[in-house]
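Colleague: Mind looking over this structure? Questions follow.
FYI, it's all coordinate maths here, none of it is from the lab. Remember, it's a predicted structure, so these values are computed and weren't measured experimentally. So basically every Cβ, Gly included, is an ideal-geometry build from the backbone, and we count neighbours across all protein chains shown.
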Amino acid sequence: MLKIGLTGGIGSGKTTVSDLFEKLEIPVIDTDIIARELVRKNTQVLKNIAEHFGDTVISNNGELKRQHLASIVFKHPEKKQQLENILHPEIREQIKHKIQIIENNRQQSSKPEGYCIVVIPLLFETGFDDLIDRTLVLIADEQTRVQRIKKRDNRNPDEIYSIIRSQVSDEIRLKKSDDIIKNNSNISNLEEQVLQLHEKYSHLARLAL
């Protein structure tokens, strides 16, 4: 099975694009969802985070205070590395596990050929690109991204630009990309690009059998 790594900077529209692939009945693995599941109440990963960052990152009802942890991480680069050391090995194992489940289901179906989308926002930063076969990079103008993030997360501009600057640039992403989606237009344009890639990936998956 062909494994497509979908990546792009914050505000580029990764969720919208992955939703469009899901509408085409393509399996999607989202590492943001995996990360949220790993830090659910009473999980071992959450306990490990509390040990490293203190009980102040845990709310009274035992859940992770995400914004508080994020503020600590962005102010202290060494803390960011500590968090990644806790989360990334667990996320990697979950990706591999979910890929195996999809592959097993494919083999038992009448259509064993196919592909899946693995959404990895920090694909190159984490080194997770060894888990996928092709890289699909989603790009959008910076100002468009900023407006999307403000509308979605209600973050202040300084924080938004700080996050953007902390990530790999689009120039670097594009150099490592196999395929590109430009998300500066409307949803119809985005749907057309996704459909074209769907046909391409379906063809490549059949050739790989």
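Colleague: Taking Cα atoms, how many degrees apart are the long axis of helix 14-23 and the longest axis of the chain, rounded to 10 and kept between 0 and 90?
Modeller: Around 40 degrees separate the two axes.
Colleague: Of the options Ala205, Val194, Ser110, report the single residue whose Cα projects farthest towards the positive end of the charge dipole of the chain (beta-carbon charges: Lys, Arg +1; Asp, Glu -1).
Modeller: Val194
Colleague: Using Cβ contacts closer than 10 Å as the measure, can you line up Arg134, Arg173, Arg66 from fewest to most? All intermediate terms of the calculation are to be shown ahead of the outcome.
Modeller: Values: Arg134 18, Arg173 21, Arg66 12.
Starting with the residue having the fewest Cβ neighbours, the order is Arg66, Arg134, Arg173.
Colleague: How much length would be gained if the chain were fully extended between Gln67 and Ser188, taking 0.36 nm per residue of separation minus their Cα-Cα distance, in nm to one decimal?
Modeller: Numbers: separation 121, 0.36 × 121 = 43.56 nm, distance 3.36 nm.
Residue separation times 0.36 nm, minus the Cα-Cα distance, leaves 40.2 nm.
Colleague: I would also like to ask the following. Distances longer than 25 Å among the Cα atoms of the chain: what percent of all pairs is that?
Modeller: Values: 9345 of 21736 pairs.
For the chain, the share of Cα pairs beyond 25 Å comes to 43 percent.
Colleague: With springs connecting C-alpha atoms under 10 Å apart, model the chain as a Gaussian network and identify which of Gln143, Gln167, Gln100 has the largest mean-square fluctuation.
Modeller: In the Gaussian network model the winner is Gln143.
Colleague: Would you work out if the range 51-97 is rounded, prolate or oblate? Take a ≥ b ≥ c from the square roots of the eigenvalues of the alpha-carbon gyration tensor; rounded if a/c is under 1.5, else prolate when a/b is larger than b/c, oblate otherwise.
Modeller: Values: a/c = 2.44, a/b = 1.37, b/c = 1.78.
Oblate shape, in that a/c is at least 1.5 and b/c is the bigger or equal ratio.
Colleague: If you don't mind, another one. Between Lys80 and Asn60, what is the FRET efficiency for a Förster distance of 41 Å, r being their Cβ-Cβ separation, to the nearest 0.05?
Modeller: Values: r = 26 Å, r/R0 = 0.63.
FRET efficiency, Lys80 to Asn60: 0.95.
Colleague: Further question on the same structure: Against the 2.2 N^0.38 Å scaling, with N counting residues, where does the range 150-209 land? I'd like the Cα-based Rg ratio to two decimal places. Kindly include the intermediate steps, with their values, before the conclusion.
Modeller: On the way: Rg = 16.2 Å, N = 60, 2.2 N^0.38 = 10.4 Å.
Taking the Cα Rg and dividing by 2.2 N^0.38 Å, one obtains 1.56.
Colleague: Can I ask one more? Counting only GluC sites (Glu not before Pro) that are in a DSSP loop and have at most 15 other C-beta atoms within 10 Å, tell me the longest site-free stretch of the chain.
Modeller: Details: sites that count: Glu25, Glu63.
My reading of the result: 64-209 is the longest stretch.
Colleague: What does the charge dipole of the range 142-209 about its Cα centre add up to, to the nearest 20 debye, if the Cβ of each Lys and Arg holds +1 and the Cβ of each Asp and Glu holds -1? Numbers along the way, then the final one.
Modeller: Values: 13 positive and 11 negative charges, 28 e Å.
Charge dipole, the range 142-209, about its Cα centre: 140 debye, nearest 20.
Colleague: Related question: Give me Leu197, Leu24, Leu38 sorted ascending by neighbouring Cβ count inside 10 Å, so fewest comes first. Could the numbers behind the result be given before it?
Modeller: Values: Leu197 22, Leu24 15, Leu38 19.
Listing Leu197, Leu24, Leu38 from fewest to most nearby Cβ atoms yields Leu24, Leu38, Leu197.
Colleague: Using a simple charge model, +1 on the beta-carbon of Lys and Arg, -1 on the beta-carbon of Asp and Glu, nothing else, what dipole does the range 95-171 show about its Cα centre, in debye to the nearest 20?
Modeller: Details: 12 positive and 13 negative charges, 93 e Å.
That gives the range 95-171 a dipole magnitude of about 440 debye.
Colleague: Please state the Cα pair-distance histogram of the range 1-62 with 10 angstrom bins from zero: what percent is in each bin?
Modeller: 18, 36, 24, 21, 2
Colleague: Report, as a whole number in µm² per second, the diffusion coefficient that Stokes-Einstein gives for the range 1-116 at 10 °C and 1.306 mPa s using the Kirkwood radius over alpha carbon pairs.
Modeller: Working: Rh = 16.2 Å.
D, rounded to a whole number, is 98 µm²/s.
Colleague: With unit charges on the beta carbons (Lys and Arg positive, Asp and Glu negative) and the dipole taken about the Cα centre of the chain, which residue among Thr135, Ile91, Thr56 sits farthest to the positive side?
Modeller: The residue sitting most towards the positive pole is Thr56.
Colleague: Now for a different question. Taking the beta-carbon count within 10 Å as an exposure proxy, list Thr56, Thr135, Thr15 from fewest neighbours to most. Before the final figure, lay out each step's value.
Modeller: Working: Thr56 11, Thr135 19, Thr15 15.
Neighbour counts put them in this order, fewest first: Thr56, Thr15, Thr135.
Colleague: Report relative contact order for the chain in percent, whole number only (criteria: Cα-Cα under 8 Å, sequence separation at least 6). Please list the in-between numbers first.
Modeller: On the way: 257 pairs, mean separation 80.2, N = 209.
For the chain, the relative contact order is 38 percent.
Colleague: Looking at this model, which pairs from Lys41/Lys151; Lys111/Lys150; Lys47/Lys175; Lys41/Lys80; Lys96/Lys150 are more than 31 angstrom apart at the alpha-carbon?
Modeller: Values: Lys41/Lys151 28 Å; Lys111/Lys150 42 Å; Lys47/Lys175 39 Å; Lys41/Lys80 21 Å; Lys96/Lys150 33 Å.
Too far apart for the 31 Å limit: Lys111/Lys150; Lys47/Lys175; Lys96/Lys150.
Colleague: Taking only the Cα atoms of the range 73-176, how large is their convex hull per residue, in Å³? Intermediate values should be presented prior to the final figure.
Modeller: On the way: hull volume 14.1 nm³, N = 104.
Expressed per residue, the convex hull around the Cα atoms of the range 73-176 is 135 Å³.
Colleague: Right, something else. Out of residues 5 or more away from Lys65 or on other chains, whose amide H comes under 5 Å of its own, with H placed 1.01 Å from N in the peptide plane?
Modeller: Here Ile58, Ser59 satisfy the definition.
Colleague: Using 0.36 nm per residue of separation minus the Cα-Cα distance, give me the extension gain between Leu195 and Gln147 in nm, one decimal.
Modeller: On the way: separation 48, 0.36 × 48 = 17.28 nm, distance 2.61 nm.
Computed gain between Leu195 and Gln147 is 14.7 nm.
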